[in-house]
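Shown next, in structure tokens, is the structure this report addresses.
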Amino acid sequence: MFRFVQTEASRVLPAGAKAAMLMIDYQERGLFMIYDKIRNTLNHYYFDKLPTVVEDIRAAVFDTMDRYAEAHPEADSYTLKAQLYRVIADTMQPTILEDIPFAYETGCLLAYSDGWFNRGAVHANGWLYLRNEHLFRDRDPAVFDLHRTHTYSLLYTQCGPFVDMMHLGIPMKKLFTVGLRGVLADIDDAAARCTTQEERSFVSSARAGITALQTIAGKLADAADQERQPELAAMVRKLAWEPPCTMHEGLQMMAFIRKALGALEGMGFSSFGRPDVLLAPLYEQDIANGVSEESLLDLVSRFLLIWDCTLDRRQKLLIGNEYELENTLTLGGCDENGNAVYNGVTRLFITARDRLSAVYPKMMLRYSAQSPQAYLELISQSLVNGQNYSLFENDDVTIPALIKAGVEEKDARHYVVGGCWDALLPDYGNKFSGEYFCLFRPLEWMLHNRVGTFLENYLTPVNALEATTFEEFYSAFVGIIAEALKMKADLMIQGSQVWAQVNPTCALSALLQPSLPMRKDMTAGGIRYARESVYFTGFAEVVDSLYAIKRLCFDDKVCSLEEIIRQCREDWPDEALRQQAVALPSYGDGSEEMARFAGRFHDDLCALVRPLPTAYGGQFRAGYNMYTEIIWIGRDTGALPSGRHAGEPLSQGISPSRLQKECGLYDLLDGLRYIDFTQTAGNASMTVQLPAAKLDTEKMAALFRVFAQNGLQALQLNCINREDLLAAQKDPDHYGHIIVRICGFSIPFVLLTPEYQNEFITRNLSHL
């Protein structure tokens with residue numbers, strides 16, 4: 001497929017007759033030069049000019065707000081946030097960029113930022129949070145310090161103090177149905193029903209936030225007028241009040257709200273929602289009115305270029321998260337009535353992505369066993385061409401999982417997949433947590449009898465050598481997890497109570513369905529589905545380790561538990577014994593005994609999560625995921641009874657361990673037959689490497705139905721040719737067309753560092 005990629009050495013063009021024909025077609029229509037020009041325009045603005053603008057705006061906003069706060073010492077967080085909205089809207093510096101038919105750039109956020117106030121730099125929207133963040137600790141220093149102790153010891157990780165400051169979805173339903181005029185009407189209705197000062201403060205701040213969005217729209221429209229784009233100016237002024245009526249207006253609304261809301265709230269927004277649901281009626285109306293498919297494809301292409309260019313492809317992946325922009329959209333799946341979503345908008349977005357080789361926005365693709373064949377073949381095309389862009393989410397598992405977690409069926413059908421893999425319902429609420437729980441950490445502490453570490457983390461010390469049977473060992477280990485999870489949930493509840501005092505999100509809340517009727521900000525519980533998640537990491541390593549202890553120490557009595565502990569402490573000096581551990585049945589190998597054992601452990605983990613308390617009711621959700629931390633947390637993880645050496649990369653999500661011998665895909669699926677993923681409403685991702693040479697779109701589409709029928713939940717697929725990857729390491733200038741799915745995001749293979757390239761190449765390949 002044709003791509004516009006630059007490495008540090010030179011621009012990389014693809015090889016192959018199909019790509020060459022496509023390039024000729026683009027050149028004939030002039031699109032190659034136009035899109036290349038747009039990339040250059042955006043790169044210059046985002047990476048050469050914008051950082052200075054962002055800092056100038058931040059400094060001006062901070063100065064103005066400091067003076068306001070000094071003059072109004074009695075102002076609560078809602079009042080201060082309302083003023084912050086106004087000051088940002090008044091200070092922002094709109095920019096209209098050449099050849100881009102959208103007005104969206106406020107100058108308040110770095111290209112890298114998703115709205116989170118300190119992503120890449122401190123932004124103007126971070127003033128209130130930075131002023132009040134001390135409240136998280138002041139409320140109860142002991143709670144704050146214990147939570148930090150847990151995270152520093154890598155018992156679990158946390159995106160923000162007690163609450164997740166990123167990974168939020170943007171509520172789109174009101175914007176596309178009643179527009180900002182309708183939102184203001186809802187605010188008027190809520191204001192008439194307020195009974196407390198807190199309710200009045202929230203509603204007043206919500207009004208200030210929505211009015212600030214309108215102010216930003218007005219300034220963008222003025223800038224469009226100055227650039228002699230009166231049609232664009234008129235469109236933006238209209239959308240400051242009304243919902244979109246054309247495909248162009250719908251895309252403009254999505255671009256505008258992504259940047260404007262991000263500029264105001266100081267929170268990270270990770271999803272545009274579902275374009276092929278939001279835009280489908282507008283697309284049909286445009287087509288009926290004579291708008292050409294080609295012109296709509298061009299609009300979508302220019303829309304995607306905006307977000308793809310927020311990534312500086314001149315840079316290699318160094319520390320692991322530079323290529324994570326938390327910017328997604330969800331396509332496919334079903335609508336709230338259960339009907340398949342596959343339409344002209346679906347085709348436009350996937351076609352535009354493939355012809356541009358746009359890594360962002362990340363397209364999260366929903367599917368099911370009943371998905372239309374044409375849709376499955378369409379989403380398979382890039383895969384078999386060696387461009388692995390997407391996470392694939394199985395509706396047949398995720399929708400029932402959400403329903404089990406208390407979500408109404410029609411709402412569950414409308415889920416989106418967020419920045420990495422989380423199943424979100426952005427119109428009804430946003431999540432309050434979403435961090436890893438490192439299963440291997442308490443196993444290490446238990447095996448090594450680290451009494452001091454247990455006590456430091458306020459956990460009951462457990463010595464593995466006290467177990468006389470495997471069941472005693474297993475129960476003790478699960479007991480540690482249960483104790484740690486309960487403590488974690490309690491800490492989160494206590495710590496999150498001050499979120500509304502730290503940084504309420506009133507403009508965002510006004511766009512949610514339940515917040516205004518409840519007259520509560522999202523941060524104070526103004527949501528329909530209060531949800532928190534815990535993502536277990538190292539599942540494969542721990543399952544295999546537990547099974548190795550069971551077999552080697554208790555069933556077969558090959559060695560003592562004390563000897564296994566010594567081997568782990570000394571990083572397996574006895575290679576013969578290590579090979580015996582590695583040769584045992586392992587998770588995902590298809591064996592009956594291990595499949596049942598893994599299913600038991602999964603059931604036990606999910607049973608621990610379900611009853612955990614949350615800050616605002618609702619059910620805690622289990623999941624299995626891990627990001628680029630597979631490398632750096634892996635470096636900090638010692639040897640394990642499975643035979644894993646210290647420092648080796650960990651498995652991703654629910655994927656098998658790297659120690660597992662490469663086996664057939666159907667053996668892998670058999671190995672999961674006792675794991676019920678409808679218990680993991682937090683989502684469970686599996687990374688699967690497939691041999692590209694054996695697949696075409698028809699075969700890949702058939703595999704998607706197999707995946708759905710076998711109950712897999714989230715798939716990160718790569719169709720690879722290892723010989724090509726090895727060649728790309730030696731000659732990167734000729735292999736820029738290979739896109740690989742690393743873990744939560746995709747990247748040109750040649751932009752990975754040697755460490756990450758080797759990690760990718762050495763993943764297990766599932767034979768067909």
Next item on the list: Would you work out what percent of the accessible area of the chain, with all protein chains in place, is carbon or sulfur (probe 1.4 Å)?
Entry: 52
Check: If you place +1 on the Cβ of every Lys and Arg, -1 on the Cβ of every Asp and Glu, and leave all else neutral, what size is the dipole of segment 394-500 about its Cα centre, to the nearest 20 Debye?
Finding: 200
Next item on the list: Report, to the nearest 10°, how far helix 592-609 tilts away from the longest principal axis of the Cα atoms in the chain, using its own Cα long axis and a range of 0 to 90°.
Entry: 50
Item checked: Local electrostatic count, Y674, Cβ distance below 14 Å [Lys/Arg +1, Asp/Glu -1] -> -4
Notebook entry, point to check: Any idea what the relative contact order of segment 207-280 is, in percent, if you count C-alpha pairs under 8 Å spaced at least 6 apart?
Noted result: 26
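For the chain, report the accessible area per residue in Å² (1.4 Å probe, heavy atoms, rounded to an integer).
Heavy-atom SASA per residue in the chain reads 33 Å².
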Next item on the list: Would you mind working out the magnitude of the charge dipole of the chain relative to its Cα centre, with +1 at each Lys and Arg C-beta and -1 at each Asp and Glu C-beta, to the nearest 20 Debye?
Entry: 600
Check: With charges set only on the Cβ (+1 for Lys and Arg, -1 for Asp and Glu), what does the dipole of segment 157-314 come to about its Cα centre, in debye to the nearest 20?
Finding: 380
Next item on the list: Report the semi-axes of the equivalent ellipsoid for segment 681-768 in whole Å, largest first, where each axis is √(5λ) for an eigenvalue λ of the Cα gyration tensor.
Entry: 25, 16, 10
Check: Going toward the positive end of the dipole of the chain, with +1 on Lys and Arg Cβ and -1 on Asp and Glu Cβ, which of C606, S746, A124 do you reach last?
Finding: A124
Check: What net charge is computed for the residues neighbouring R139, neighbours being all others with C-beta under 15 Å from the C-beta of R139, Lys and Arg scored +1, Asp and Glu -1?
Finding: -3
Check: In the chain, with Lys and Arg counted as +1 and Asp and Glu as -1 at Cβ, which of these residues, G344, A482, F677, has the Cα nearest the positive end of the dipole, that is, farthest along it?
Finding: G344
Next item on the list: For log10 I(q)/I(0) by the Debye sum over Cα atoms at q = 0.08, 0.10, 0.12 Å⁻¹, several values are listed as (1) -0.80, -1.04, -1.30; (2) -0.65, -1.03, -1.45; (3) -0.74, -1.18, -1.60; flag the one computed from this structure.
Entry: (2)
Margin query: Out of all DSSP beta bridges in the chain, what portion is antiparallel? Express it as a percent rounded to 5.
Written below: 25
Notebook entry, point to check: When the Karplus curve 6.51 cos²θ - 1.76 cosθ + 1.60 is applied with θ = phi - 60°, which whole-Hz ³J(HN,Hα) does each residue of segment 660-673 get, with x for Gly and Pro?
Noted result: 5, 5, 4, 9, x, 4, 6, 5, 4, 5, 4, x, 9, 5
Checklist line | Tilt relative to the chain, helix 344-356 - C-alpha long axis, 0 to 90 degrees, to 10 | finding: 80
Item checked: Percentage relative contact order, segment 689-753, counting C-alpha pairs under 8 Å, at least six apart -> 30
Note to self: Can you tell me which lysines have their Cα less than 17 Å from the Cα of K362? Leave out same-chain residues fewer than eight positions away.
What the structure shows: K259
Check: Which residues' amide hydrogens lie under 5 Å from the amide hydrogen of G526, considering only partners 5 or more residues apart or on another chain, with H built in the peptide plane?
Finding: D521
Check: Expressed as an acute angle from 0 to 90° and rounded to the nearest 10, what is the orientation of the C-alpha long axis of helix 197-226 relative to the principal long axis of the chain?
Finding: 60
Check: Remind me, relative contact order of the chain in percent, using alpha carbon pairs under 8 angstrom and six or more residues apart?
Finding: 17
Item checked: Charge-dipole axis of the chain as Lys and Arg at +1 and Asp and Glu at -1 on Cβ define it, positive-most pick from A263, P281, L365 -> P281
Margin query: Need one number: % antiparallel among DSSP beta bridges in segment 618-768, to the nearest 5.
Written below: 20
Margin query: Show me, for segment 394-400, the HN-Hα J-couplings you get by feeding each phi into the Karplus relation (A = 6.51, B = -1.76, C = 1.60, θ = phi - 60°), rounded to Hz, glycine and proline as x.
Written below: 8, 4, 5, 10, 5, 5, x
Next item on the list: Mind listing the long-range amide H neighbours of V740? Cut-off is under 5 Å, sequence gap 5 or more, other chains count too, H placed in the peptide plane at 1.01 Å from N.
Entry: N388, I747, F749
Next item on the list: Specify the inter-centroid distance of segment 554-625 and segment 82-160, based on alpha-carbon positions, in whole Å.
Entry: 38
Item checked: J(HN,Hα) series, segment 531-538, from Karplus relation 6.51 cos²θ - 1.76 cosθ + 1.60, nearest Hz, glycine and proline x -> 9, 9, 10, 10, 9, 6, 10, x
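The values are calculated or read from the model by the stated rules, or taken from the named source; none is laboratory data. Source: prediction; values computed, not measured. We place every Cβ from the backbone using ideal geometry, glycine too, and count neighbours over all the protein chains shown. The accessibility values were calculated without ligands, DNA or RNA, using every heavy atom of the protein model including side chains. Shrake-Rupley method; radii C 1.70, N 1.55, O 1.52, S 1.80 Å.
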